[in-house]
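K.L.:
This is the structure I want to talk about, given as C-alpha cells.
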Amino acid sequence: MDLKDSPHEAAFRAEARAFLEGHAPAEPMPQYHKEFVGDEGLVERHREWQQKLHAHGWGALTWPKEYGGRGLGPIEQIIWNQELARAGLGLSLYMVGIGMAGPTLIAHGSDVQKQRHLEPILRAEQGICQLFSEPGAGSDLASLATRALRDGDEWVVSGQKTWCSGATWADYGILLARTDPAAPKRKGISFFLVDMKTPGIEVRPLRQMTGDAHFNEVFLTEVRIPDSNRIGPEGAGWPVAQTTLMNERMAMAGADGLFVWEELREHARENLGRIDGATRDELAKLYAWTRTLEMLNARVITKLGRGEMPAAESSVMKLAMVRTVSLGSELGLHMLGPEGLLRTGTWQQQWLFSPAFHLAGGSDEVQKNLAAERVLGLPPEPGAVASDTPFEDLPRS
Ligand SMILES: Cc1cc2nc3c(=O)[nH]c(=O)nc-3n(C[C@H](O)[C@H](O)[C@H](O)COP(=O)(O)OP(=O)(O)OC[C@H]3O[C@@H](n4cnc5c(N)ncnc54)[C@H](O)[C@@H]3O)c2cc1C
C-alpha cells in the first residue's frame with residue numbers, strides 16, 4: 001500500500017485544493033445537518049455551486065468529455081471528495097444527478113434520453129432524487145413491490161417508496177418498479193425516470209430526531225410514465241440499478257470528513273481541566289480510528305491505481321467510517337458536558353443523525369456479511385442465493 005500520493009495524484013490534489021481555496025463558497029453547504037424542508041435558499045446555494053463547478057471544469061469529473069465531464073477516473077474522484085471534505089463542503093445535493101443518474105444514463109440511456117437530461121443535470125437545471133427503497137425492500141432491494149402496468153405507450157405506476165432524499169425539491173426521480181411479477185425477483189424490474197410533477201405523486205417529508213426532514217416517503221398512485229422514460233430494456237432494470245449503486249459508492253468514496261478530528265483535539269486542548277483519563281483514552285481511540293480510515297482510503301486508492309477494483313475494501317471502509325463518525329460525535333458531546341444538551345451544534349446534530357449512517361448506502365450488518373464472504377471466505381447466508389421462483393410466488397410479510 002502506498003501511504004503517499006503518486007506524483008500524478010499529488011499534482012491533482014494540489015490543483016483541486018488550489019481551486020477550492022480560490023472558489024469555495026464562504027457559507028457552509030450542509031447536506032445532512034440542516035432543516036431543508038422548504039429551504040429553497042439551500043437548494044439554490046447548491047445549484048449555484050454546481051454551476052460554478054461546471055463553469056470551471058469540475059462539474060462531473062468522471063463523465064466522459066463528450067458529455068461535458070473531464071473523463072477522469074475513480075482515484076481523482078476520491079481525491080476530489082477528500083479535498084471537498086477538507087474544505088468543509090461535503091457532498092452536493094445534486095450528487096444523485098451527477099454521481100448516480102448521469103453515469104446510469106451514459107451507460108444505459110438512449111441518445112434522446114442523454115440529450116434531454118445530461119446537460120441539464122450537469123448544469124443543475126434538473127435535480128434528481130432516488131426512488132428505490134420501499135418499506136419492505138431496503139437491504140433486499142430486489143423485493144420491491146411498486147408495480148408498473150403497461151397501457152399503450154405509457155406505464156401506470158402505483159406503490160410506496162421511502163427514505164427518498166431530496167424528493168421535495170427534485171425535478172425528476174430515478175425509479176425502480178416491477179413490470180413482471182411472474183419473473184424471478186431480479187428479472188421483472190424496470191428502471192424509469194419520472195417527472196416529479198406528474199399527477200399521482202405525493203411527497204411526505206419524514207421528520208427525524210434531529211428535527212430535520214432529510215428524507216421523504218413518496219406515494220405513487222396511478223402515475224403515468226411514458227415508455228420513452230424507461231432506461232434500459234423492459235425487465236432488465238436490475239443491472240441498470242447496479243450501475244447506479246456502483247456509481248453511488250464511487251461518488252461518495254472519500255467523503256468521510258463528516259466530523260473533523262482536529263476540532264475535537266483543539267476542543268480538548270482548550271478544556272484540559274475538564275478532560276479526565278477515560279476521555280483521553282477515548283480521544284486516543286478516536287485518533288487510531290481516524291488514522292485507520294486514512295489508511296483504508298490509501299489502500300483503495302492504491303488498488304485503483306494498479307487497475308484493480310476494490311470490493312471488500314469498500315465494505316470494510318464503510319464500517320470504519322460510520323464507527324468513526326459515531327465515536328467522534330459521541331466524544332464531542334461528552335466533552336461539551338451539560339452544554340451538549342443544547343441541540344444546536346455540529347456534534348449534537350451529528351450524534352442525533354449518526355444512526356442513519358449505519359443504514360445509508362448498505363447497513364452495517366449487510367457490510368459485515370459482504371466482508372465475511374469476500375474477506376473471510378465464509379459461505380453466503382442461507383436464502384441469499386438467487387432463486388428462479390417467480391416474484392409473485394415468494395413468501396412475503
Ligand atoms: C440518510 C439516508 C438516506 C437515504 N437516501 C435514500 C434515497 O435517496 N433513496 C432510496 O431509495 N433509499 C435511500 N436510503 C435507504 C437506504 O438505502 C436503506 O436504508 C438501506 O438500504 C437499508 O434498508 P432499510 O433501511 O429498509 O433497512 P432493512 O433492510 O429493513 O434492515 C433493517 C435491519 O435489519 C438488518 N438486516 C437486513 N438484512 C440483513 C441481512 N441479510 N443480514 C443481517 N442483517 C440484516 C439491517 O442491517 C438493519 O439493521 C437512505 C437511507 C438513509 C439512512
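The values are calculated or read from the model by the stated rules, or taken from the named source; none is laboratory data. Since we're looking at a predicted model, the values are computed, not measured. All Cβ positions, even for glycine, are placed from backbone atoms using ideal geometry, and neighbour counts span all protein chains on display. When the accessible area is computed, the model is the full protein with side chains, heavy atoms only, and any ligands, DNA or RNA have been set aside. Shrake-Rupley method; radii C 1.70, N 1.55, O 1.52, S 1.80 Å.
K.L.:
Residue by residue through segment 97-107, which ³J(HN,Hα) values in whole Hz follow from phi under the Karplus form 6.51 cos²θ - 1.76 cosθ + 1.60 (θ = phi - 60°), with glycine and proline marked x?
P.N.:
So the J values, rounded to whole Hz, are x, 6, x, 10, 5, x, x, 5, 5, 4, 7.
K.L.:
Relative to the longest principal Cα axis of the chain, at what angle does helix 261-270 sit, 0 to 90 degrees, rounded to 10?
P.N.:
30
K.L.:
Here's another thing I want to ask about it. Return the tail of the calculated pair distribution for segment 286-397, meaning the percent of Cα-Cα pairs more than 23 Å apart.
P.N.:
The share of Cα pairs beyond 23 Å in segment 286-397 comes to 48 percent.
K.L.:
Work out, in µm²/s and without decimals, the Stokes-Einstein translational diffusion coefficient of the chain at 25 °C, 0.890 mPa s, Rh from Kirkwood over C-alpha pairs.
P.N.:
The Stokes-Einstein estimate is 110 µm²/s.
K.L.:
Let me ask something else about it. Per residue of segment 323-332, in order, report the coupling 6.51 cos²θ - 1.76 cosθ + 1.60 (Karplus, θ = phi - 60°) as ³J(HN,Hα) in whole Hz, putting x for Gly and Pro.
P.N.:
For segment 323-332, the Karplus curve yields 4, 5, 4, 5, 4, x, 5, 5, 5, x Hz.
K.L.:
What angle, in degrees between 0 and 90 and rounded to the nearest 10, separates the Cα long axis of helix 237-252 from the longest principal axis of the Cα atoms of the chain?
P.N.:
20
K.L.:
Further, regarding this structure: Once every DSSP H run of n ≥ 4 in the chain is given -39500 (n - 2.57) and the sum is divided by its residues, what mean residue ellipticity at 222 nm do you get, rounded to the nearest 500 deg cm²/dmol?
P.N.:
Mean residue ellipticity at 222 nm (helix-derived): -14000 deg cm²/dmol.
K.L.:
Return the whole-Å distance between the Cα centroid of segment 237-293 and the Cα centroid of segment 35-105.
P.N.:
21
K.L.:
How tilted is helix 346-357 with respect to the longest principal axis of the chain? Cα atoms for both, answer in degrees (0 to 90, nearest 10).
P.N.:
40
K.L.:
Could you work out the Kirkwood radius for segment 208-304, taking every pair of different alpha carbons, averaging 1/r and inverting it, reported in Å?
P.N.:
18.7
K.L.:
Restricting to DSSP loop positions (anything but H, G, I, E, B) with no more than 13 other Cβ atoms inside 10 Å of their own Cβ, which trypsin sites (Lys or Arg not before Pro) remain in segment 169-218?
P.N.:
Filter output for segment 169-218: LYS197, ARG207.
K.L.:
Take each of the peptides 122-132, 4-14, average the number of other beta-carbon atoms within 10 Å over its residues, and list them starting from the highest.
P.N.:
With the highest mean Cβ count within 10 Å placed first, the list reads 122-132, 4-14.
K.L.:
With N denoting the number of residues in segment 128-235, provide Rg(C-alpha) divided by 2.2 N^0.38 Å, to two decimal places.
P.N.:
1.03
K.L.:
Under a 1.4 Å probe, what is the accessible area of the chain per residue, stated in Å²?
P.N.:
48
K.L.:
If amide hydrogens are placed 1.01 Å from N in the peptide plane, which non-local residues have theirs closer than 5 Å to the one on ILE231?
P.N.:
Close amide H contacts, sequence-distant or interchain: PHE191, PHE192, LEU193.
K.L.:
Run the dipole for segment 128-235 about the Cα centre, Lys and Arg Cβ at +1, Asp and Glu Cβ at -1, nothing else charged, and hand back the magnitude in debye, nearest 20.
P.N.:
With only Lys, Arg, Asp and Glu charged at Cβ, the dipole is about 280 debye.
K.L.:
Among LEU304, LEU352, VAL194, which residue has its Cα furthest toward the positive end of the charge dipole of the chain, with +1 on Lys/Arg Cβ and -1 on Asp/Glu Cβ?
P.N.:
Farthest towards the positive pole: LEU304.
K.L.:
Okay, moving on. Nearest 20 debye, what's the magnitude of the dipole of the chain about its Cα centre given +1 on Lys and Arg Cβ and -1 on Asp and Glu Cβ?
P.N.:
460
K.L.:
Where does segment 7-122 land on the Kirkwood hydrodynamic radius, alpha-carbon pairs, in angstrom?
P.N.:
15.0
K.L.:
Same structure, new question: What ratio of Cα Rg to 2.2 N^0.38 Å holds for segment 35-101?
P.N.:
That ratio works out to 1.15.
K.L.:
Ignoring ligands, DNA and RNA, what percent of the 1.4 Å accessible area of the chain is carbon and sulfur?
P.N.:
54
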